[in-house]
1. If we keep just the residues of segment 136-162 that are in contact with a Gly (Cβ under 9 Å, 6 or more places away or on another chain) and open to solvent by 20 Å² or more (accessible area, probe 1.4 Å), which is nearest to PHE28 (Cα to Cα)?
2. With the structure loaded, tell me whether GLY125 is surrounded by 21 or more Cβ atoms within 10 Å (Cβ to Cβ), more than 28 Å from ASP84 (Cα to Cα) and at pLDDT 90 or above or whether it fails that test.
3. When you go through ALA25, ALA31, ALA8 one by one, which is the residue that is of a type in the set (A, V, I, L, M, F, W, C) and either open to solvent by 20 Å² or more (accessible area, probe 1.4 Å) or touching a Cys at 6+ places or on another chain (Cβ under 9 Å) (or both)?
4. Can we say TRP234 is over 19 Å from the mean Cα position of the chain (by Cα) and either open to solvent by 20 Å² or more (accessible area, probe 1.4 Å) or at pLDDT 95 or above (or both)?
5. Pull up segment 197-229, narrow it to residues that are touching an Asp or Glu at 6+ places or on another chain (Cβ under 6 Å) and β-branched (Val, Ile, Thr), then point me to the one that is farthest from ALA250 (Cα to Cα).
6. Identify the single condition in (1) crowded, with 16+ Cβ neighbours inside 10 Å; (2) of a type in the set (A, V, I, L, M); (3) part of a helix (DSSP H, G or I) that ALA43 does not satisfy, given that it satisfies every other one.
7. Evaluate segment 201-212: report whether one residue or more is open to solvent by 30 Å² or more (accessible area, probe 1.4 Å) and on the phi > 0 side of the Ramachandran plot.
8. Evaluate segment 69-83: report whether one residue or more is open to solvent by less than 30 Å² (accessible area, probe 1.4 Å) and under 30 Å from PRO185 (Cβ atoms).
Amino acid sequence: MNRIGLEAQVVRELEPDDVVRAAGAAGFDMAGVYIDLDRWTPAMTREVRNAFAQTGVAPLEAEVIRMGEAVGDRERRLIDIASDIGLPYLIVVSMERDGDRAADLLAELAQMARPSGVRPGLEFGAFTAVRDVDAALAAVSRAGGGVDILPDPIHLARSGGAPADLKRIPAAILPFAQICDAGPPPANPTPELLLEEARHNRLDIGEGQLPLGDFYRALPPGIPLSNEVRSITWERRYTDPFERARILAANMRRWLASIDMQ
């Protein structure tokens with residue numbers, strides 16, 4: 001069965017080291033770390049490293065670089081922290097509206113990250129210049145290597161894509177995928193509304209209408225899957241983030257078992 005991970009923003013109330021502990025207690029195999037550069041300290045790096053070592057949870061990825069007008073000191077610092085923790089991937093979202101400029105910035109970031117061994121992973125989305133699979137493939141190609149693509153079913157659907165589009169992404173640049181469900185798209189899908197949905201209004205697997213079985217089968221066999229149920233509804237339903245993580249992990253395991261039986 002696929003290894004499963006917990007995205008940090010699913011339990012956003014927790015400190016980074018406790019995200020790792022919540023993942024371990026819930027039965028996740030991996031965990032991501034949200035790095036807030038405005039409050040990050042060397043002590044936090046040590047605490048997160050210790051949490052990974054103590055729980056046996058594997059480091060997955062750091063969040064998040066939001067590429068804007070330039071790649072500079074903040075991006076370098078985030079890469080360095082991710083490397084110090086031992087996180088192999090770094091999620092990148094392009095907030096630059098010009099597609100050509102977004103691709104150039106991604107190439108700069110890839111060059112900056114290459115010595116660290118941390119690989120940027122580009123998330124495409126309809127609220128960015130890199131809005132779909134085609135744009136992501138073009139941007140990664142222009143970057144000249146060293147960049148992965150991280151698919152997310154809600155971003156795929158809201159960009160007008162279909163699970164079959166994932167088969168065009170080479171397995172070598174598809175290290176893991178995120179997973180969640182979603183309801184009907186917003187009636188007026190502006191970039192702002194789509195971003196709000198992605199940040200706060202996702203659903204758990206089976207609660208919505210995304211073709212998650214087809215999404216799963218379009219991915220490379222055995223690919224790790226990371227739970228990205230960022231949801232205000234789930235936060236209200238399960239106010240204890242440790243309980244929330246446990247229930248999401250159990251639901252994810254059951255779904256994977258059912259998919260593998262088909």
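The values are calculated or read from the model by the stated rules, or taken from the named source; none is laboratory data. As the structure is a computational prediction, the values presented were derived from the model and not from experiment. FYI the Cβ positions are ideal-geometry reconstructions off the backbone, even for glycines, and counts take in every protein chain you see. Accessible surface is based on the protein model in full, side chains and every heavy atom, while ligands, DNA and RNA are left aside. Shrake-Rupley method; radii C 1.70, N 1.55, O 1.52, S 1.80 Å.
1. ARG158
2. Here the answer is yes, as GLY125 does meet what is asked.
3. Going through ALA25, ALA31, ALA8 in turn, just one is of a type in the set (A, V, I, L, M, F, W, C) and either open to solvent by 20 Å² or more (accessible area, probe 1.4 Å) or touching a Cys at 6+ places or on another chain (Cβ under 9 Å) (or both): ALA25.
4. no
5. So the residue we want is VAL229.
6. The failed condition is (1).
7. yes
8. Within segment 69-83 (the criterion being open to solvent by less than 30 Å² (accessible area, probe 1.4 Å) and under 30 Å from PRO185 (Cβ atoms)), the answer is no, since none of the residues qualifies.
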